[in-house]
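Asker: Got a structure here, written out as structure tokens. Questions coming.
The values are calculated or read from the model by the stated rules, or taken from the named source; none is laboratory data. Please read all numbers here as calculations on a predicted model, not as lab measurements. Positions of Cβ are generated from backbone atoms using ideal geometry, with glycine treated the same way; all protein chains shown enter the neighbour counts.
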């Protein structure tokens, strides 16, 4: 967003600096803050004292006297019109507004109505500020229905189906505030077949979390989500080469991948650093065309993003604003068995690890009592026991004869494949 200063505001000497804050607000002072970004993973929430409230076409900033226009509105003529419109709005002293992207080409009356709603909302917040004691919640982001109407119900939407009576009624009321004609687009769905089943939504949701995503002509993209970044690998797969040469085949796959990657990023709400490994293209014009296609597709995204051209290695780097956790983080949790790694130790690895542990335990107990007879019981997962009784049986027999220790193994289904327990049959001491 680009913010412009008001006329006549030539100096900001009266504004406090960072050094003045401890004097103005000593420990224990009550201040109003806004959570601009919720906690994501191990990161805490982000807060600010520069409050802002989003409407349909405007963002109200009660503590900032600057006005601006969304950078996504690029037309110079439209920006000039909107600047003229902002000068006509009756904005209270000390407050500012920003025109949202949805305000492009809209008439002045829409902005007047939106500003009125936002100012009324701010009045309610200021009343709570005077009456409630800290800590208190003064304002909360609208629910799903209200956010959908505010941010997604544009003129391009022809019809909205809602299978909940209260949600249908509430949506119609909210839409009527913006445009009474648009209220007819909101329809109540009362079919016997569930709405998700009727429009095949469940299957589409399931496909959203697949690691591999197929492309129309047979290629595929593979998406891996890590803590540091999102990696996307593009493969030709079983791409059907319709008589073209290899260069055009690779270019065609990458072109399809650019469209699908941008779509998957929006669907999965992926944020942060994204690395896309396109198939290597020798011609610069092809690399530039893929970059242009990616920029075009990501321009539909409401979240801020920045894309770098494809490097000579075929790597594209981009960042996308992370406002919430990704869709998979909200709907899935780490596997309790593998702890989110996606892999567990093999039977061979566990057998070697167990043999090392047995050798260490035997050495310890024979050092304490070299003349006595010792026996050990070992509890393991059935798959590990199978390995010990087959390929490694001779090794264990040799260990028994070498150290004069008896080993008894027992399988337990309750044991994790990577866990085991060694028990000294004489003393009852346990080793893990």
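Asker: If you take the residues in the range 226-246 that are under 17 Å from residue 328 (Cβ atoms) and in contact with a helix residue (DSSP H, G or I) (Cβ under 9 Å, 6 or more places away or on another chain), which one is modelled with the lowest pLDDT?
Answerer: Of everything passing the filter in the range 226-246, 230 is modelled with the lowest pLDDT.
Asker: In this structure, is residue 147 free of Cβ contacts under 8 Å to residues at least 12 places away in the same chain, within 25 Å of the chain's Cα centre (by Cα) and surrounded by 11 or more Cβ atoms within 10 Å (Cβ to Cβ)?
Answerer: On the way: free of Cβ contacts under 8 Å to residues at least 12 places away in the same chain: yes; within 25 Å of the chain's Cα centre (by Cα): yes; surrounded by 11 or more Cβ atoms within 10 Å (Cβ to Cβ): yes.
Spelling it out, residue 147 is indeed free of Cβ contacts under 8 Å to residues at least 12 places away in the same chain, within 25 Å of the chain's Cα centre (by Cα) and surrounded by 11 or more Cβ atoms within 10 Å (Cβ to Cβ).
Asker: OK, next. Among the numbered conditions (1) free of Cβ contacts under 8 Å to residues at least 12 places away in the same chain; (2) under 23 Å from residue 37 (Cα atoms), tell me where residue 311 comes up short.
Answerer: Only one criterion is unmet by residue 311, namely (2).
Asker: A further question on this structure: If you take just the helices (runs of 4 or more DSSP H) that sit entirely in the range 265-375, which of them hold at least 3 residues that are closer than 20 Å to residue 229 by Cβ?
Answerer: 284-298, 327-331
Asker: Something else: Restrict the check to the range 119-142 and report whether at least one residue is under 24 Å from residue 73 (Cα atoms), in the same structural domain as residue 31 (by TED's automatic domain parsing) and either under 33 Å from the mean Cα position of the chain (by Cα) or assigned to a loop (DSSP other than H, G, I, E, B) (or both).
Answerer: No, that holds for no residue.
Asker: So which residues in the range 200-225 are at pLDDT 80 or above and loosely packed, with under 13 Cβ neighbours inside 10 Å, if there are any at all? Walk me through how you get there before you give the answer.
Answerer: So the first thing to find is which residues in the range 200-225 are at pLDDT 80 or above, and the list is 200-201, 210-225.
Scanning the range 200-225 gives 200, 201, 210, 211, 212, 216, 224.
Asker: Among the residues of the range 89-118, what is the count of those that are more than 15 Å from residue 60 (Cα to Cα) and not in a helix (DSSP H, G or I)?
Answerer: 4
Asker: In the range 268-275, is there at least one residue being out of contact with any strand residue (DSSP E or B) (no Cβ under 6 Å at 6 or more places or on another chain) and over 30 Å from residue 42 (Cβ atoms)?
Answerer: no
Asker: Quick check: is even one residue across the range 420-429 closer than 30 Å to residue 224 by Cβ and surrounded by 12 or more Cβ atoms within 10 Å (Cβ to Cβ)?
Answerer: No; the residues of the range 420-429 include none that is closer than 30 Å to residue 224 by Cβ and surrounded by 12 or more Cβ atoms within 10 Å (Cβ to Cβ).
Asker: With the condition kept exactly as written, say whether any residue in the range 222-231 is under 23 Å from residue 300 (Cα atoms), outside the structural domain of residue 307 (by TED's automatic domain parsing) and without any contact (Cβ under 8 Å) to a residue 60 or more places away in the chain.
Answerer: So far as the range 222-231 goes, no, none of its residues is under 23 Å from residue 300 (Cα atoms), outside the structural domain of residue 307 (by TED's automatic domain parsing) and without any contact (Cβ under 8 Å) to a residue 60 or more places away in the chain.
Asker: Using the structure shown, decide if residue 276 is more than 24 Å from residue 233 (Cα to Cα) and surrounded by 15 or more Cβ atoms within 10 Å (Cβ to Cβ).
Answerer: no
Asker: When residues of the range 405-432 are filtered for being under 38 Å from the mean Cα position of the chain (by Cα) and either in a strand (DSSP E or B) or touching a residue at least 24 places away in the same chain (Cβ under 8 Å) (or both), how many remain?
Answerer: 7
Asker: Scan the range 64-88 for residues that are in a loop (DSSP other than H, G, I, E, B) and surrounded by 14 or more Cβ atoms within 10 Å (Cβ to Cβ) and jot them down.
Answerer: Scanning the range 64-88 gives 64, 65, 66, 70, 73.
Asker: Of the conditions (1) at negative phi; (2) touching a strand residue (DSSP E or B) at 6+ places or on another chain (Cβ under 8 Å); (3) touching a residue at least 40 places away in the same chain (Cβ under 8 Å), residue 294 satisfies every one except a single condition; which number is it?
Answerer: Here residue 294 meets the rest and fails (3).
Asker: To continue, here is another question. In the list 187, 252, which residue meets the criterion of being more than 18 Å from the chain's Cα centre (by Cα), farther than 25 Å from residue 309 by Cβ and either surrounded by 13 or more Cβ atoms within 10 Å (Cβ to Cβ) or at pLDDT 85 or above (or both)? Lay out the reasoning, then the answer.
Answerer: Numbers: 252 fails: farther than 25 Å from residue 309 by Cβ.
When all the criteria are applied, what remains is 187.
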